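Data block below; observations after.
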Amino acid sequence: MDDEASSFGRELLAGLARRPRSISPKFFYDVAGSRLFDAICELPEYYPTRTELSILAERAGEIAQQIGPHAEIIEFGAGSLHKVRFLLDALKAPRRFVPIDISGEHLAQAAQALRADYPGLDVQPLVADYTKPFSLPREAEGSGPRVGFFPGSTLGNFSPDEALAFLQGAARALRGGGLLIGVDLVKDPAMLHAAYNDARGVTARFNLNLLVRANAELGADFDLAGFSHSAFYNAPHQRIEMHLVSRAAQTVNLLGQSLHFAEAEAIHTEYSHKFTVEGLRTLAARAGFGIGPVWTDRERLFSVHWLPAAQ
């Protein structure tokens, strides 16, 4: 078992031993999961990606003015490296791009494609879990500010305490630069429900792929037909909650352990917290960031914030 599988196995066992049971959403993104998420982003019900892309496309020039020339861009949870292209096209002579992702194979493929399209850019992919301590490469000689890029409302996957801790760490790492972050906004619950329960069932397959991955990488024997996808909006906590629900009493074997599931017992797989503009700004200020411009779409579905870091 390689290091990545070992980490997955240890954390999966620990999460399923807890009550309520849980799996970290960072494990969604193996190669198959990353491709399924790319497919989700194309769905008509899933507004966040196209809305954020429209903001980046329309406001790229203004964003580039805030960032400044010769920037070094650090993207947390980089995925397919599509959104950063809007920044790279607008920035003046960016020096280096460091995409960070837990899925090494998917990251390598995306980085290779980016190098081909931006031959003058130093692209240094970093396979790491950005939710844990890791080391960034030494700043490039002659580079301008070190700028973080955290799109996709991924901050919403964290608990409030985890979100604050991430932002505090980013503020320290990006001192002298800043963070460009996209977050989904609170809105009509019906629209949120549809976004996570698409008619084609792609999000359900994405959720269930966690069990597919456990079977393939860890030799588990999850019965995929024995679990169903569940996603709903928890209005008091302003978050989508996603779960895998056991359809019947059953036993699953995982790494030499027998795990017993009761009928209707749920495995929590993801939170997706939604924000208000002022709520995100308050959280950023607590973490040590300054408050810069914010850009939203006309319907105020999504927001992109520039948060300058302390000098």
Notebook entry, point to check: From the residues in the stretch 242-270 that are out of contact with any Phe, Trp or Tyr (no Cβ under 7 Å at 6 or more places or on another chain) and crowded, with 20+ Cβ neighbours inside 10 Å, which one is farthest from residue 181 (Cα to Cα)?
Noted result: 261
Margin query: Can you tell me which condition residue 109 does not meet? The list is (1) in contact with a Lys or Arg (Cβ under 8 Å, 6 or more places away or on another chain); (2) under 24 Å from residue 40 (Cα atoms); (3) without any contact (Cβ under 8 Å) to a residue 40 or more places away in the chain; (4) not hydrophobic (A, V, I, L, M, F, W, C), and all the others hold.
Written below: (1)
Note to self: Checking residue 311 against (1) surrounded by 13 or more Cβ atoms within 10 Å (Cβ to Cβ); (2) in contact with a Gly (Cβ under 9 Å, 6 or more places away or on another chain): exactly one of these is not met. Which one?
What the structure shows: (1)
Check: What number goes with the only condition from (1) closer than 26 Å to residue 179 by Cβ; (2) in a loop (DSSP other than H, G, I, E, B) that residue 285 does not pass?
Finding: (2)
Item checked: Per-region count, the stretch 271-294, residues over 20 Å from residue 188 (Cα atoms) and in contact (Cβ under 8 Å) with a residue 12 or more places away in the chain -> 12
Next item on the list: Scan 153, 103, 159, 135 and give me the residue that is of a type in the set (Ser, Thr, Tyr), closer than 29 Å to residue 196 by Cα and surrounded by fewer than 20 Cβ atoms within 10 Å (Cβ to Cβ).
Entry: 159
Check: Taking the stretch 151-191 as the search range and keeping residues that are part of a loop (DSSP other than H, G, I, E, B) and hydroxyl-bearing (Ser, Thr, Tyr), which one is nearest to residue 287 (Cα to Cα)?
Finding: 159
Notebook entry, point to check: Do you know which of the residues in the stretch 235-246 that are assigned to a strand (DSSP E or B) and over 11 Å from residue 193 (Cβ atoms) is farthest from the chain's Cα centre (by Cα)?
Noted result: 246
Item checked: Subset of the stretch 156-181 [in contact with a Ser or Thr (Cβ under 6 Å, 6 or more places away or on another chain) and under 25 Å from residue 70 (Cα atoms)] -> none
Next item on the list: Could you check how many residues of the stretch 34-48 are at pLDDT below 95 and either in contact with a strand residue (DSSP E or B) (Cβ under 9 Å, 6 or more places away or on another chain) or hydrophobic (A, V, I, L, M, F, W, C) (or both)?
Entry: 3
Note to self: Cβ-Cβ under 8 Å, sequence separation 6+ or interchain: first residue in the stretch 216-240 and closer than 11 Å to residue 186 by Cα, partner at pLDDT 95 or above and in a loop (DSSP other than H, G, I, E, B). Which pairs?
What the structure shows: 238/186; 238/274; 239/274; 240/274
Notebook entry, point to check: Hey, among 148, 144, which residue is in contact with a His (Cβ under 9 Å, 6 or more places away or on another chain), outside any helix (DSSP H, G or I), buried (at least 20 other Cβ atoms within 10 Å of the Cβ) and not aromatic (Phe, Trp, Tyr)?
Noted result: 144
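The values are calculated or read from the model by the stated rules, or taken from the named source; none is laboratory data. All of these numbers come straight from a predicted model, not from anything done at the bench. Every residue, glycine as well, gets a Cβ built from its backbone with ideal geometry; the counts of neighbours run over all protein chains shown.
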